[in-house]
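Please treat every number below as a calculation from the coordinates, not as lab data. None of the values given here were measured: they were computed from a predicted structure. For neighbour counting, all protein chains shown are included, and Cβ atoms are generated from backbone atoms with ideal geometry for every residue, glycine included.
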Amino acid sequence: MAFNKPRWLLKENKGVFFFSKKKYVFFFTKKHYNEVRMYKIIYKKQLNPEICLLEIEAKDLAIAAKAGQFIVLRIDEQGERFPLTLYDFDREKGTITIVCQAIGVSTKKLCALNVGENILDIAGPLGHATKVENIGKVICIGGGVGTAETYPIAKAMNEKGNDVTVIIGARNKDLVICEKEIKEFCDNVHITTDNGSYGRKGFVTDVLKELLEKNTYDLVFAIGPLIMMKMVSEMTRPKKIKTLVSLNSIMIDGTGMCGGCRVQYDGKTKFTCVDGPEFDGHLVDFEDVMRRNGRYKDKETKAMENYGHKCKIGL
Ligand code: NAD
Ligand code: FES
């Protein structure tokens, strides 16, 4: 049943009226309203000033979720729909966990939510799960907030008996995430920071270059900024090492209908939401994805300016 925006709240804040599309009127008490409509946040952790972790009650999603899949969520009636890869899920508790970097209006709104508050709707789990098999020596690379999505994949690869090496890259020490969690199951963890404030100074590709010179690997997995995934793929191409990347295209419906997430792959058009999100990095036209992802930069900047203005004047 689709509900329109609540028309008014009772003065005593006891409940809310809805007008459905067929003009029926529904009244919910505040408690009931929360029960029927929402995905409640039950745990929140600020991983660093930019990135937060949210555990959300979502029983059906938790039952179906697999590593590598994503959700499309909308925070409120006015909100845009945007995708986030699953960080974790707990089938017994009936929760899913996501990690979000507050960079645009929607992600800032999401990170501003607190325990007990709700997300309006979540579609998922979407996309193909990561194919976890015993393949041999694997390198998993996480760039910035992409490290959060690398964690469940590296963990699953390790549980399958692979020899897993993880490279984590961040701009500076404060932005390094999931180090402790990854070190719990992996002994080969390399950390780089762009400014050298923690771990080795440089990019993840500096470590990758050295590892590839010393050893042979069967699979490289990279999740992070598009430019990082492109550079990783270029580095593994001459050695013909299978390389998987998780694309973060712009998405709207997440079901293959709108075409918003299309990418050029091996000369063909693919949809990240239904054909991905993982693709062979050697076949992705990264220039095209970067161009498409940058298309709404002006609008995003304007929206951020308006959002900042509203925050300051308290509207
Ligand atoms: P960032 O710009 O801080 O970069 C993180 C790391 O990537 C750097 O520390 C560096 O090691 C590496 N890197 C950056 N530029 C590089 C280059 N030119 N060559 C080699 N390595 C390079 O990252 P951020 O600000 O945290 O942004 C993370 C990005 O990851 C966002 O763009 C986000 O959309 C994307 N992301 C993707 C997924 C996905 O599923 N594909 C999931 C989460 C986030
Ligand atoms: Fe619409 Fe993929 S998000 S087709």
Q: Report, by chain and number, residues whose modeled amide H sits under 5 Å from the one on L244, excluding near sequence neighbours (fewer than 5 apart, same chain).
A: V220, F221, A222, G281
Q. Mind listing the phi-derived Karplus ³J(HN,Hα) values for region 236-248, rounded to whole Hz, using 6.51, -1.76 and 1.60 with θ = phi - 60°, and x for any glycine or proline?
A. 8, 4, x, 8, 6, 8, 3, 10, 10, 10, 10, 7, 10
Q: Determine the principal axes of the Cα atoms in region 164-308, then give the extent along each, sorted from largest to smallest and rounded to whole angstroms.
A: 44, 41, 25
(Q) In whole Hz and in residue order, list the ³J(HN,Hα) couplings for region 228-233 that follow from phi through the Karplus curve 6.51 cos²θ - 1.76 cosθ + 1.60, θ = phi - 60°; x for Gly and Pro. (A) 5, 5, 5, 5, 4, 5
Q. Hey, what do the phi angles of region 53-61 turn into as Karplus ³J(HN,Hα) couplings, whole Hz, using 6.51/-1.76/1.60 and θ = phi - 60°, x for Gly and Pro?
A. 10, 10, 9, 10, 5, 7, 4, 5, 5
**Q.** Cβ-defined net charge surrounding G94, 9 Å radius [Lys, Arg +1; Asp, Glu -1]
**A.** -1
Q. Which far-off residues, 5 or more places away or on another chain, put their amide H under 5 Å from the one on I167, with H placed in the peptide plane?
A. C140, I141, G142, H190
Q) Of K108/K230; K183/K214; K44/K209, which sit over 30 Å apart, Cα to Cα? A) K44/K209
Q: Return the distance in nm (one decimal) between the two label points of a simple spin-label model at K93 and A64, each offset 7 Å from Cα along Cα→Cβ.
A: 2.2 nm
Q | Cα centroid separation - region 124-176 against region 197-237, whole Å | A | 13 Å
Q. Where nothing but the Cβ of Lys and Arg (+1) and of Asp and Glu (-1) is charged, how large is the charge dipole of region 137-246 around its Cα centre, in debye to the nearest 20?
A. 300 debye
**Q.** Amide H contacts of N172 (H built 1.01 Å from N, under 5 Å, at least 5 apart or other chain)
**A.** D194
Q) Between E210 and D253, what FRET efficiency comes out of the Förster formula 1/(1 + (r/R0)^6) with R0 = 35 Å and r the beta carbon distance, rounded to 0.05? A) 0.25
Q. Using bins 5 angstrom wide from zero, how does P(r) for region 38-126 break down, in % of all Cα pairs?
A. 3, 16, 28, 29, 18, 5, 0
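Percent relative contact order of region 87-164, based on C-alpha pairs within less than 8 angstrom and at least six residues apart?
Result for region 87-164 is 27 percent.
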